[in-house]
Amino acid sequence: MNEASRLPLGWTIAGINDTGRYINGFAFKPSHWGEVGRPIIRIQNLTDEEKVFNRTTFEVDDDLIVHPGEILVSWSATLDAFIWKRETAVLNQHIFRVVPEIRVVHPTFLFYLLRWSIWEMKETEHLHGSTMKHINRGPFLAHTIKLPPLLEQSRIVAEIEKQFTRLDAAVAALRRVQANLKRYRAAVLKAACEGRLVPTEAELACKQGRTYETGEQLLARILKERRTKWEADQLAKMLAAGKAPKDDDWKKKYKEPKPPDTSNVPPLPEGWTWANLDQLKMFSIYGPRFSSDDYSESGTIVLRTTDISESGKVDLDSAPRLDLATSDVAKYRLIRGDLVFTRTGATIGKTAIFDDDVQAIPGAYLIHFRLATEASTGWYLYRFFQSVSGQRWLLAGRLGIGQPNLNAPTIEAIPIPLPPVPEQQRILGAIDAQLTVVEKESSQVTESWRKGERLRPSLLKRAFQGKLVPQDPNDEPASALLERIRAERAKKVQPPKRTSQTRRRRSAVAEAL
């Protein structure tokens with residue numbers, strides 16, 4: 001049984017080229033760009049509706065002028081069909097402007113058909129390229145489609161849009177839930193860092209008639225232990241080098257950390273104090289820079305903050321690896337409780353805490369902090385820098401215009417509200433308990449959203465198999481429409497005109513014979 005015999009009533013086999021004209025954009029060069037003129041539609045403008053346009057005063061054919069509501073197909077990098085919704089613009093290369101043959105195909109039906117056809121072609125040998133995928137013009141236009149009668153196309157469009165409207169409403173509701181969960185998470189972290197999430201240590205000590213170590217006393221203890229650790233490390237290095245100190249003058253090289261500027265900070269709960277990472281760290285170091293060509297299948301893991309989960313565990317599947325010298329591993333290796341911050345790029349200001357046994361170092365876009373505190377304080381600091389207040393301080397410290405970045409001194413100067421250790425532990429327990437519920441609900445919402453999105457291609461598949469709406473035997477078959485249009489096109493194709501020069505040449509040849 002051939003494919004045509006399995007088609008729904010009134011349907012026919014056609015090629016994408018039968019559905020209209022597919023006009024490729026112009027290869028604009030940077031020299032054509034400017035601040036005035038018509039906007040240029042690039043692939044970035046299709047995938048991000050807020051993306052700023054490049055503009056041009058360069059004149060192009062009318063065929064390359066795109067008006068709102070027209071169909072565009074990106075056939076390189078981002079393979080998909082789009083409805084243009086922004087202002088009238090001119091078309092860049094790697095994008096087709098689609099002019100539907102409305103006697104054969106309903107424009108909205110064609111939009112959905114093109115989306116489905118591209119999904120099909122992604123699974124064939126017609127998809128080319130390693131890093132930038134594309135589909136060549138010839139195979140794209142020759143791709144076979146199943147074309148229903150024009151009237152049935154209208155019924156299919158109506159049903160698709162009815163179903164998609166329901167899906168859109170469901171997705172919008174899920175997004176609202178996600179937004180509410182995000183706000184709740186932010187509220188939990190805000191309350192935690194303002195002393196409102198659990199009873200304060202001062203309140204409990206008062207009720208129980210006992211004393212406690214205040215945040216100020218904790219900070220003094222950390223600073224003392226920090227200096228003691230520095231002196232022990234320095235002495236060990238001198239002794240290893242055979243340079244035993246004659247006196248204590250070497251201790252004067254210790255650099256006292258600078259306290260935070262508290263001239264513009266809110267009041268703290270009783271028992272808390274202001275600190276900063278300069279006081280709470282042993283050292284900070286920037287991740288080493290390596291070429292991506294140096295990556296290997298084995299070796300030491302090189303981390304980004306996106307490779308570390310909320311629990312501090314490393315995603316072994318996503319993180320790249322490098323074969324490193326032992327000295328490099330020793331210099332940069334992360335240990336439990338280390339904080340890392342993304343200092344540039346799309347995730348600038350993102351914080352992670354390392355809590356794994358794998359051998360790993362920070363990547364080039366990270367700043368690595370080794371803390372002089374106990375474990376609970378490290379986790380508390382991690383949560384503080386995730387809070388609205390912590391993120392506001394981090395992002396306010398960005399430097400640069402083209403590629404903003406953070407540096408270690410900026411992060412180290414940020415004022416941190418520091419509670420007593422027992423209170424930190426209660427805060428962390430309350431955060432974990434509440435955020436576990438948030439993450440569980442968020443995962444369920446995300447899975448529901450994914451299921452809804454999977455319904456879209458499933459719905460289109462049914463539509464283009466003829467299973468979405470019933471066929472009507474009174475509809476004019478698509479084959480009759482197609483044959484009529486093809487015949488009209490054939491009549492318009494005229495043989496090339498013979499020039500007078502060609503006729504003279506042929507006359508001369510005839511006379512010679």
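Hey, any hits in region 103-121 for a residue that's charged (D, E, K, R) and in a helix (DSSP H, G or I)?
yes
In region 353-374, which residue that is assigned to a loop (DSSP other than H, G, I, E, B) and of a type in the set (Val, Ile, Thr) is nearest to Gln425 (Cα to Cα)?
Taking the candidates together, the pick is Thr373.
For region 227-234, state whether one or more residues are over 36 Å from the mean Cα position of the chain (by Cα), acidic (Asp, Glu) and part of a loop (DSSP other than H, G, I, E, B).
The answer is no, given that none of the residues of region 227-234 is over 36 Å from the mean Cα position of the chain (by Cα), acidic (Asp, Glu) and part of a loop (DSSP other than H, G, I, E, B).
Of all the strands (runs of 3 or more DSSP E) wholly in region 1-90, which have at least 1 residues that are in contact (Cβ under 8 Å) with a residue 40 or more places away in the chain?
12-15, 20-24, 38-41, 71-74
Identify all residues within region 142-194 that are within 30 Å of Glu439 (Cα to Cα) and among the small types (Gly, Ala, Ser); write none if there are none.
Ala169, Ala170, Ala172, Ala173, Ala179, Ala186, Ala187, Ala191, Ala192
Can you tell me which residue within region 337-351, out of those that are more than 20 Å from Asp278 (Cβ to Cβ) and touching a strand residue (DSSP E or B) at 6+ places or on another chain (Cβ under 9 Å), is surrounded by the fewest Cβ atoms within 10 Å (Cβ to Cβ)?
Filtering first and then ranking leaves Gly345.
Do the conditions hold for Val329, that is, is it surrounded by fewer than 18 Cβ atoms within 10 Å (Cβ to Cβ), aliphatic (A, V, I, L, M) and more than 25 Å from Trp393 (Cβ to Cβ)?
Here the answer is yes, as Val329 does meet what is asked.
With the requirement that a residue be surrounded by fewer than 16 Cβ atoms within 10 Å (Cβ to Cβ) and either out of contact with any strand residue (DSSP E or B) (no Cβ under 6 Å at 6 or more places or on another chain) or assigned to a loop (DSSP other than H, G, I, E, B) (or both), what does region 296-305 give you? Give the steps one after another, and end with the answer.
Residues of region 296-305 that are surrounded by fewer than 16 Cβ atoms within 10 Å (Cβ to Cβ), as a first pass: 296-299.
Residues satisfying the conditions are Glu297, Ser298, Gly299.
Can you tell me which condition Thr410 does not meet? The list is (1) among the hydroxyl-bearing types (Ser, Thr, Tyr); (2) surrounded by 17 or more Cβ atoms within 10 Å (Cβ to Cβ); (3) under 25 Å from the mean Cα position of the chain (by Cα), and all the others hold.
(3)
Can you tell me which condition Gly195 does not meet? The list is (1) touching a strand residue (DSSP E or B) at 6+ places or on another chain (Cβ under 8 Å); (2) among the small types (Gly, Ala, Ser); (3) loosely packed, with under 15 Cβ neighbours inside 10 Å, and all the others hold.
Every listed condition holds for Gly195 apart from (3).
With respect to the numbered conditions (1) within 23 Å of the chain's Cα centre (by Cα); (2) modelled with pLDDT of 95 or more; (3) basic (Lys, Arg), which one is the sole condition not fulfilled by Lys133?
Checking Lys133 against (1) within 23 Å of the chain's Cα centre (by Cα); (2) modelled with pLDDT of 95 or more; (3) basic (Lys, Arg), the one that fails is (2).
Spot the failing condition for Val388; the list is (1) of a type in the set (Val, Ile, Thr); (2) buried (at least 18 other Cβ atoms within 10 Å of the Cβ); (3) under 17 Å from Leu418 (Cα atoms), and only one is missed.
If we test Val388 against (1) of a type in the set (Val, Ile, Thr); (2) buried (at least 18 other Cβ atoms within 10 Å of the Cβ); (3) under 17 Å from Leu418 (Cα atoms), just (2) comes out false.
Of all residues in region 54-69, count the ones that are crowded, with 19+ Cβ neighbours inside 10 Å and closer than 13 Å to Arg86 by Cα.
Number satisfying all stated conditions: 1.
In region 1-19, how many residues are surrounded by fewer than 19 Cβ atoms within 10 Å (Cβ to Cβ) and of a type outside the set (A, V, I, L, M, F, W, C)?
Number of matching residues: 7.
Does Leu316 meet the test of being of a type in the set (A, V, I, L, M, F, W, C), crowded, with 18+ Cβ neighbours inside 10 Å and part of a loop (DSSP other than H, G, I, E, B)? Walk me through it before giving the result.
Working: of a type in the set (A, V, I, L, M, F, W, C): yes; crowded, with 18+ Cβ neighbours inside 10 Å: no; part of a loop (DSSP other than H, G, I, E, B): yes.
Spelling it out, it is not the case that Leu316 is of a type in the set (A, V, I, L, M, F, W, C), crowded, with 18+ Cβ neighbours inside 10 Å and part of a loop (DSSP other than H, G, I, E, B).
Those residues that are surrounded by 10 or more Cβ atoms within 10 Å (Cβ to Cβ) and more than 18 Å from Gln279 (Cα to Cα), I need them from region 238-253; list them, please. Give the steps one after another, and end with the answer.
Start the filter on region 238-253 by keeping residues that are surrounded by 10 or more Cβ atoms within 10 Å (Cβ to Cβ), which leaves 238-239, 243, 245, 250-251.
Result: Met238, Leu239, Lys243, Pro245, Trp250.
So, in region 90-116, of the ones that are among the basic types (Lys, Arg) and within 29 Å of the chain's Cα centre (by Cα), which residue ends up farthest from Ile71 (Cα to Cα)? Write out each step before concluding.
Residues of region 90-116 that are among the basic types (Lys, Arg), as a first pass: 97, 103, 115.
Filter once more, so that each one left must be within 29 Å of the chain's Cα centre (by Cα): 97, 115.
Details: Arg97: 6, Arg115: 11 Å.
Taking the candidates together, the pick is Arg115.
Write out, first by first residue and then by second, each pair whose Cβ atoms fall under 7 Å of each other, whose residues are 6+ apart or on separate chains, and whose first residue, in region 230-242, is in the same structural domain as Pro257 (by TED's automatic domain parsing) while the second is of a type in the set (Gly, Ala, Ser).
Within 7 Å, the pairs are Met238/Ala244.
The values are calculated or read from the model by the stated rules, or taken from the named source; none is laboratory data. A quick note: this is a predicted structure, and the numbers were derived from the prediction, not measured. Neighbour counts are summed over all protein chains in view; Cβ atoms, including those assigned to glycine, are modelled from backbone coordinates with ideal geometry.
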